[in-house]
Amino acid sequence: MTETAKKDVRSLVTKVNDYTWDIPVSYESGMRVPGRIFVSSKLLAGIEQETLDQTANVATLPGIQKYAMAMPDAHSGYGFPIGGVAAFDRDTGIISPGGVGYDINCGVRIIRTNLTIEDVRPRMRELVEQLFQAVPSGVGSKSKIRASDKELNDAFLYGAKWAVESGYGMKEDTEHCEENGFMKAADPSKVSDKARSRGKPQFGTLGSGNHFLEVQYVDEVYDEETAKVFGLHKGQVTVMIHCGSRGAGHQICEDYLKILERATHKYGIILPDKQLACAPAESTEGQNYFKAMAAGANYAWANRQVITHWVREVFTKFFRRDVDDLGMHLIYDVAHNVAKLEEHTIDGEKKMVYVHRKGATRAFPPEHPDVPAVYRKVGQPVLIPGSMGTPSFVLHGTQKAMELTFGSACHGAGRTSSRAAALKTLNGETIQKELAARGISVRATQPSVIAEEAPSVYKSSEDVVDVVHQLDIARKVVRLMPMGVAKG
């Protein structure tokens, strides 16, 4: 959208209900569908103009279905807003790296334990230190694994399945992952040598930014029946892991943005923003990106699986109990930044569409065949982390999500200010002390990381989760409070 064409979106949004607002197609001449923002009045008041502009821009893309959507944690990103969801017809639509993001399959998983708050809190600082030492973190961090070219290929192909078969976990782990921990579309031959060289030394690393390893406890149960199915109860200790595809995913995105920028011109696609570079979904360029993206997603699942293994090792040594005795079972693992070919009912007709979820998580309902059998009665676990010092939530997917959002929900709290702005106004050591006073131990590579990721630079996770709960996109099961956090 050009500067001269920009309008005040807030003055033009139409209220559908207390948690849904539309940007009409009259806002921008190229819009094929309305924009749809899922926020409360409070969250709408704080949303960035650029976030709303980006949502409108996405609505101009060929083959888009129903709406260009923004979840309640939405904030501005590259091309698509973070918290953006859009589905494109397989035959007439496009696929775009901007709708997936640089950190392909940045995602989150949660591990339950048989431990209680009383078991863990007295030794929390020491436990966090051992986790921090066991799992490499920070910019450019390198793994303890020296992966061969074949192992890298296998990870690109088989994701968490490769990791488990290589000794980093148990078979049931893959059964409790979205896509069983790997996308079958992956083709390592579509991944560049540079992406391979960046990913090869980084298996089992957290990275930096908002990625974390957090020890939590269940402090509130909203749905006893579903909590029981997920193996959760009040006072129980859990571990949450949030990370993605590291340098491999970043480079895959970088490589294909250049390729698809050329494809945009080749296929005569008119874009309001060059960051929306794309290609027809079934074109050679579109499919090559999709296959490389799937390989990046699989790398991320392998990465989180290796970290899970090392977390279990720390806990078994620290508490001098084996994994079974500790009850350290993976509840679920969800992807945040990914595009998937899925079947959805649109205007009464079943269609195959490429659903782009960028900073959004899948939220499939009860009885959906892609939900693990053990959870099929209640729906897919939906994991929405907080922001270092604030609550995280476990929810379950619903049929309403299939009707409203292509089976999608938000993925976190969502930033309200940039990292650069945070560094100008916040002191990491001060925040670390404030969190310690609240009983939360934080360990990071340097104080600036804590300042960049301070709770105050994020929206309220309570407010964000309340929107998806009220809309019945995903229903709250339990709330988790942090006790210790290791960050990059």
Legend entry - Relative contact order, percent, the range 174-323 [alpha-carbon distance under 8 Å, six or more residues apart]: 34 percent
Legend entry - Distance histogram in 20 Å bins (all Cα pairs of the chain, percent per bin): 26, 60, 14, 0
Inset, instruction - Could you list, in their original order, any pairs among K200/K487; K200/K340; K228/K459; K161/K340; K171/K200 whose Cα atoms are separated by more than 27 Å? - result: K228/K459
Legend entry - Charge tally in the Cβ shell below 9 Å around P72, where Lys, Arg are +1 and Asp, Glu are -1, P72 excluded: -2
Legend entry - Packing rank of 327-339, 111-123, 343-355, where each peptide gets the mean count of other beta carbons within 10 Å, highest leading: 327-339, 111-123, 343-355
Legend entry - Cβ-placed point charges (K, R +1; D, E -1), dipole of the range 261-325 about Cα centre in debye, nearest 20: 160 debye
Inset, instruction - Report, in degrees rounded to the nearest 10, the 0 to 90 angle that the Cα long axis of helix 124-134 makes with the longest principal axis of the chain. - result: 70 degrees
Legend entry - Cβ-derived FRET efficiency at R0 30 Å, N17 paired with K228, nearest 0.05: 0.40
Legend entry - Average Cα contact separation per residue, the range 160-253, under 8 Å, 6 or more apart, as relative contact order %: 30 percent
Legend entry - Space enclosed by the convex hull of the alpha-carbon atoms of the range 132-275, per residue, Å³: 184 Å³
Legend entry - Spatial separation of Cα centroids for the range 315-383 and the range 231-274, in angstrom: 18 Å
Inset, instruction - Place the peptides 151-162, 124-135 in order of packing, highest mean first, counting for every residue the other Cβ atoms within 10 Å and averaging per peptide. - result: 151-162, 124-135
Inset, instruction - Can you pull a Stokes-Einstein diffusion coefficient for the range 19-64 at 25 °C (0.890 mPa s), Rh from Kirkwood over Cα pairs, as a whole number of µm²/s? - result: 226 µm²/s
Inset, instruction - Give the Cα extents of the range 236-383 along the principal axes, in whole Å, largest first. - result: 63, 40, 23
Inset, instruction - Give, as a single signed number, the net charge of other residues whose beta carbon lies under 9 Å from the beta carbon of Y354, with Lys and Arg counted +1 and Asp and Glu -1. - result: 0
Legend entry - FRET E, pair E126, E429, Förster distance 25 Å, beta-carbon r, rounded to 0.05: 0.80
Inset, instruction - Compute the distance in nm between two label points, each set 7 Å from the Cα along the Cα-to-Cβ direction, one at K350 and one at D193. - result: 4.6 nm
Legend entry - Packing rank of 476-488, 255-267, 176-188, where each peptide gets the mean count of other beta carbons within 10 Å, highest leading: 476-488, 176-188, 255-267
Inset, instruction - Calculate the length of the line joining the C-alpha centroid of the range 141-196 to that of the range 50-97, in whole Å. - result: 29 Å
Legend entry - Charge sum, other residues only, whose C-beta stays under 11 Å from Q54's C-beta, Lys/Arg counted +1 and Asp/Glu -1: -3
Legend entry - Over the chain: helical MRE at 222 nm, DSSP H runs n ≥ 4 each giving -39500 (n - 2.57), nearest 500: -10500 deg cm²/dmol
Legend entry - the range 1-129, Rg to Rh (Cα coordinates; Rh as Kirkwood inverse mean 1/r): 1.16
Legend entry - Under 21 Å from K234, Cα to Cα: lysines that are on another chain or at least 8 residues apart: K476
Legend entry - Charge-dipole axis of the range 284-381 as Lys and Arg at +1 and Asp and Glu at -1 on Cβ define it, positive-most pick from V314, A294, G327: V314
Inset, instruction - Output the relative contact order of the chain, whole-number percent, from Cα pairs under 8 angstrom with separation of 6+ residues. - result: 21 percent
Inset, instruction - Please report, in debye to the nearest 20, how large the charge dipole of the chain is about its Cα centre when each Lys and Arg carries +1 at its beta carbon and each Asp and Glu carries -1 there. - result: 900 debye
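FYI, it's all coordinate maths here, none of it is from the lab. The structure presented is a predicted model; accordingly, all values stated were derived computationally and were not measured. Glycine gets a Cβ as well: all are built from the backbone with ideal geometry, and neighbour counts include every protein chain shown.
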